[in-house]
Amino acid sequence: MIEAVTERLDGAPIGERRRWSDEFKERAVAAALEPGVNVSALARRLGISPPQLFGWRKAFLKKQTHDIAPAASVPMVEILVGGVVIRVSPDLDEAALRRILRAVRSV
């Protein structure tokens, strides 16, 4: 027979779960995506658990990938320039690709 547990465990949080605003999550994820940032240390400074911030970051990256994913039938070439991902069609002419790369490098 299974008995219901009616007592709280020692150290269990009291009250409802905390709800973080979307603005707070966006700022935290943006900071976590900065190059060289220790995500666990950042989470502790923000007063949240590291797994929470890793989860928010993972969800954000998954959404970004989903939102900008090209159609499955169109092959794309990805080029990483200074932390910027450039996705181009393999049949893009060389002159156009050079213009794109110059534009990205100048930013």
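Every number in this text was worked out from the coordinates using simple rules, so none of it is lab data. Fair warning: this is a prediction, and the values are worked out from it, not measured in the lab. Cβ sites come from the backbone with ideal geometry, for glycine too, and all protein chains shown count toward neighbours.
Structural remarks
- Taking other residues whose beta carbon is less than 13 angstrom from the beta carbon of A32, and scoring Lys, Arg as +1 and Asp, Glu as -1, yields +4.
- Between D93 and A30, the FRET efficiency estimated from the beta carbon spacing at R0 = 30 angstrom works out to 0.30.
- Using the Karplus relation 6.51 cos²θ - 1.76 cosθ + 1.60 with θ = phi - 60°, the per-residue 3J(HN,Hα) values for the stretch 29-38 come to 5, 4, 5, 5, 8, 5, x, x, 7, 7 Hz, with x marking Gly and Pro.
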